[in-house]
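Each value in this text was obtained by applying a stated rule to the coordinates, not by laboratory testing. Because the structure is predicted, anything quoted here is derived from the model rather than measured. Positions of Cβ are backbone-derived with ideal geometry, glycine not excepted, and every protein chain shown enters the neighbour counts.
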Amino acid sequence: MGIKESFRKIGVLTISAVMALTLLQGCGTEENAGEEHPMDSMVRFSSSDESISLMLDEEWISKNDETENESWIKVQDKSEDEGVMVMQFPKYSTGQNVSCLEDAKTIIEDVGYYYGNEVGAPNIPCMTNVTSSIGTIEVDDGEVGAYMVYGETEYANYVFLFVTSEMTEDFMQKMLVSCGTFQEDISLIDHSSVEMTDTLQWFNTVNAIIIEEHNWNHDYFGGLPLNEDTKDLGAELLENNWETTDQAKVEETWNWLIDEGRRQDFATDMQTLTDWGLGQMDPEDRSYYLWTDVDMDFEEAEFWAEMYNLYEEKGASAINGWDYGNAMEFLQACYIAGYYTEQDALDKAMEIGMIIQSEFHSWDEFIESYLDGYEFWYMEDSLDYQLIYQRLNGQEDSPYDVDFFTNLEKTW
């Protein structure tokens, strides 16, 4: 039977394979206890970095040396009529164009000229948003049958590609069993030894909006595991956001955030507006004065009048939360990029934490100051960050569930 003919039986073939797998995964009765299980002739194949693995026929051969990515798995049978490739796309990696599961689907299907129909998804341990399809994919010698599976874990997006010269029920049954044996072990690629205590979770909460904005993981200090990919990402963020590319600049920026920051600019600008007499004016007249007498454009005049109103209400320390939040974000990026050791980063986080707890009385108050600082620095509204905070604060297991006045303990 040719490939195209075999795909006419896709629906029946896949359903029967799933039913067979369900029976095989049962508790084992006297009627099937003596029957051979597909896993009896399977062995585990791992990626070169051993971060992922799955079981396949023991007579298959690893071809990992043919891939340029040490976190991928490539295996073929001896006849090279059947093969499997598992592609891992870490969510926190630089140098790739895969930021979400849909990106992975698009790239793989476009590059491989894959055509398929969606079918029921297999059960893959610790993986969510799993979908699958069955169809054909173009190779050097023409088209072959292909079973594609997509899914994601907290760490990475995944694409499973199972190919065969002839799509049969036996092949599908084996591949479904194989999917159920998938394992991910990021301990081998996460070099962090830091334990997420209540104190470290509190540090992360200071930077929770940024961690969420990047779609990182709140259960890692700084939002990311420690490995070469995230080290590059941390260095990239430092260069783009703080123009920091070496240890000397790291220390200079840290000292500036602690000693001056944007709060000094705010105080200076507010003193200038005071010297111009804004403090003696009715608040409703300030923007008009700045527009007509100081010759600002209308939007600029409105902005500075609002900033002065903020200054009158909360004083020169109104945007301190912005600097402290930036300081936490900065030191965590330095830790991820390798500029700070775990000890240095956590000591500095403790320093920032003690300052925040001494100046503010709740997460709401701290975030309000943080958002005011955002608006001062960028001269625009902070709606996106407000929405992130509201969403995080309202969800179950919110980062902001940690008590603002948590007793910050040094356990490192």
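Among THR253, THR230, what is the fewest-to-most ranking by other Cβ atoms within 10 Å? Provide the component values of the computation, followed by the final result.
On the way: THR253 20, THR230 26.
Taking fewest neighbouring Cβ atoms as first place, the list is THR253, THR230.
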FRET efficiency estimate (nearest 0.05) - Cβ-Cβ, THR411 to GLU166, R0 56 angstrom: 0.45
Cβ charges +1 (Lys, Arg) and -1 (Asp, Glu), total dipole of the chain, debye: 1160
Simple label model, 7 Å out from Cα along Cβ direction - ASP81 to ILE186, nm: 4.0
Most mobile of ILE73, ILE107, ILE124 in a GNM of the chain (Cα contacts under 10 Å): ILE107
Theoretical FRET efficiency, 1/(1+(r/R0)^6), r = Cβ-Cβ of VAL139 and THR106, R0 25 Å, to 0.05: 0.80
The chain: calculated mean residue ellipticity at 222 nm from DSSP helix runs of at least 4, using -39500 (n - 2.57): -14500 deg cm²/dmol
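Could you please rank SER187, SER193, placing first whichever residue has the fewest other Cβ atoms within 10 Å of its Cβ?
Details: SER187 11, SER193 8.
Least to most surrounded, the residues fall as SER193, SER187.
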Theoretical gain in end-to-end length, THR341 to ASP297 [0.36 nm per residue, Cα-Cα removed]: 11.1 nm
Nearest-ten-degree value, helix 342-359 long axis tilted from longest Cα axis of the chain: 50
In degrees, nearest ten, helix 169-179 long axis to first principal axis of the chain (Cα): 30
Extreme residue, positive dipole direction of the chain, given options TYR114, TRP322, ILE210 (C-beta unit charges): TYR114
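Distance cut-off 29 Å, Cα to Cα: go down the list LYS314/LYS348; LYS74/LYS105; LYS249/LYS410; LYS249/LYS314 and report the pairs above it.
Numbers: LYS314/LYS348 27 Å; LYS74/LYS105 18 Å; LYS249/LYS410 27 Å; LYS249/LYS314 32 Å.
Pairs exceeding 29 Å: LYS249/LYS314.
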Cβ-derived FRET efficiency at R0 35 Å, SER358 paired with GLU154, nearest 0.05: 0.50
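Quick one: net charge of GLY277's neighbours, Cβ under 12 Å, K/R +1, D/E -1?
Values: positive: ARG286; negative: ASP275, ASP282, ASP285, ASP293.
Local net charge: -3.
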Point-charge dipole on Cβ atoms (K/R +1, D/E -1) for segment 180-301, about Cα centre, debye to 20: 340
Candidates SER41, SER71, SER178, ranked by Gaussian network fluctuation over the chain, Cα under 10 Å, top entry: SER41
Folded to 0 to 90 degrees: helix 228-242 orientation relative to the chain principal axis, Cα: 30
Option label - semi-axes √(5λ) of the Cα gyration tensor in Å computed here, alternatives [x] 36, 27, 20; [y] 35, 23, 20; [z] 55, 23, 19: [z]
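Give me the number: length gained by fully extending ASP384 to GLU252, i.e. 0.36 nm times residue separation minus the C-alpha to C-alpha distance, one decimal in nm.
On the way: separation 132, 0.36 × 132 = 47.52 nm, distance 2.99 nm.
That works out to 44.5 nm of additional length.
May I ask you to list the GluC sites (Glu not before Pro) in segment 285-381 that are in a DSSP loop and have at most 11 other Cβ atoms within 10 Å of their Cβ?
On the way: sites: GLU299, GLU300, GLU302, GLU306, GLU312, GLU313, GLU329, GLU342, GLU351, GLU359, GLU365, GLU368, GLU375, GLU380; in loops: GLU380.
Here the GluC sites (Glu not before Pro) that fit, given the DSSP loop and packing criteria, are GLU380.
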Partner lysines for LYS78 [C-alpha distance under 27 Å; skip if fewer than 8 residues away on the same chain]: LYS4, LYS9, LYS63, LYS174
